[in-house]
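J.: Got a structure for you, written out below as structure tokens; questions coming shortly.
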Amino acid sequence: MTSDYSTNLTYDQWDLLFPLLPGPKATGRPRTVDLYEVINAILYVLVTSCAWSLLPKTFPPYSTVYYYFRQWKNDGTWKRVHDHLVTWVRVSEDRAPTPSAGALDSQSVPSAVMVSQSVGYDGGKKIKGRKRFTLVDSLGLLVAVKVVAASVPERDGAKQLLSVVHDERERLPRLGLIWVDGGFSGVDFFKTVIDWFVIVLEVVLRPQGAKGFVLLPRHWVVE
């Protein structure tokens, strides 16, 4: 049994998560590890950013924990869990299960030394690294994400993200309006989005005369 780390799931949270995890394999050796402890170990790594090999000994062996983390990434378990929990939160907030509108933005972040793929230089923000394009619903819940080199322009990255949304239209049948900031402006781009993705983009402009960082109506949930 692990120690009572603040990163641990509560048992109520575990009761919600457990049915979403893959069951044991029909063949091979029976599962002996406690998945509750595996999940807590994964959360510990995510929150503390410690190396897998430095997991406290009160958790299962780090090789076992990493195996499940990697397996659930490759088989789509993490995404299914995420999508289910987003729906659960929306319904609990008296919203429709799927969003009809969302907000899109990008953030450039420096890349780690060992990262070599999808790395570029964002001249506007003077950052060498990667850029993530994120789409959230009106509650701020993540709908879709696309990670590219920081050098990718806003509109090009947005197209890549919207292509992800387009491929998952069965999951997002109602999505028809997305708020963006002025960095995504462009008549030709907006027309392309309508024609290709059947989605309307609406620019939320900064108030005239505003200086520094300003929370934009509708768009602030993604900033």
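J.: With +1 on the Cβ of every Lys and Arg and -1 on the Cβ of every Asp and Glu, and nothing else charged, how large is the dipole of the chain about its Cα centre, in debye rounded to the nearest 20?
T.: Details: 26 positive and 22 negative charges, 129 e Å.
That gives the chain a dipole magnitude of about 620 debye.
J.: What are the ³J(HN,Hα) values, in whole Hz, obtained from phi via the Karplus relation 6.51 cos²θ - 1.76 cosθ + 1.60 with θ = phi - 60°, for each residue of segment 162-177 in sequence order, with x given for Gly and Pro?
T.: For segment 162-177, the Karplus-derived couplings read 5, 5, 4, 4, 4, 5, 10, 4, 4, 7, 10, x, 9, 5, x, 9 Hz, x marking Gly and Pro.
J.: When the helices in the chain are scored as -39500 (n - 2.57) per DSSP H run of 4 or longer and the sum is shared across all residues, what 222 nm value do you end up with, to the nearest 500 deg cm²/dmol?
T.: Calculated mean residue ellipticity at 222 nm is -10500 deg cm²/dmol.
J.: What percent of all Cα-Cα pairs in segment 11-75 falls into each 5 Å bin, going from 0 up to the bin containing the maximum distance?
T.: Using 5 Å bins, I get a P(r) of 3, 15, 27, 27, 18, 8, 2, 0 for segment 11-75.
J.: If you take every DSSP beta bridge whose two residues both sit in the chain, what share of them, in percent to the nearest 5, is antiparallel?
T.: If we restrict to bridges inside the chain, about 75 percent are antiparallel.
J.: How much net charge surrounds G176 when only the other residues with a Cβ under 12 Å from the Cβ of G176 are counted, with Lys and Arg +1 and Asp and Glu -1?
T.: +1
J.: Averaging sequence separations of C-alpha pairs under 8 Å and six or more residues apart, then dividing by the length of the chain, give the relative contact order as a whole percent. Numbers along the way, then the final one.
T.: Working: 297 pairs, mean separation 32.8, N = 223.
This gives 15 percent for the chain.
J.: Using a 10 Å Cβ count of at most 16 others and DSSP loop calls, identify the longest part of the chain lacking such chymotrypsin sites (Phe, Trp or Tyr not before Pro).
T.: Segment 6-212 is the longest.
J.: Still on this model: Within 13 Å, Cβ to Cβ, of V222, how many net charges do the neighbouring residues add up to if Lys/Arg are +1 and Asp/Glu are -1?
T.: Result for the local shell: -2.
J.: Take the chain, drop everything but the C-alpha atoms, weight them equally and run the Debye formula without solvent; then report log10 I(q)/I(0) at 0.16, 0.17 Å⁻¹ to two decimals.
T.: Each listed q maps to, in turn, -1.24, -1.30.
J.: Another question, if that's okay. Pull up the cross-link candidates among the aspartates and glutamates for K131, meaning alpha carbon to alpha carbon under 13 Å and not fewer than 8 places away within one chain.
T.: D105, D122, E154, D156
J.: Here's something else I'd like to know. If you stretched the chain out fully between L177 and W196, how much longer would it get, using 0.36 nm times the residue separation minus the C-alpha to C-alpha distance?
T.: 5.5 nm
J.: Return the lysines within reach of K126: Cα separation strictly under 27 angstrom, same-chain partners fewer than 8 residues apart disregarded; answer none if there are no such residues.
T.: List returned: K146, K159, K211.
J.: Can you tally the net charge around K73? Count Lys and Arg as +1, Asp and Glu as -1, for every other residue whose Cβ sits under 13 Å from the Cβ of K73.
T.: Around K73, the charge tally is +2.
No value in this document is a laboratory result; all are computed from the given coordinates. Note that this is a predicted model, so its numbers are computed, not measured. All Cβ positions, even for glycine, are placed from backbone atoms using ideal geometry, and neighbour counts span all protein chains on display.
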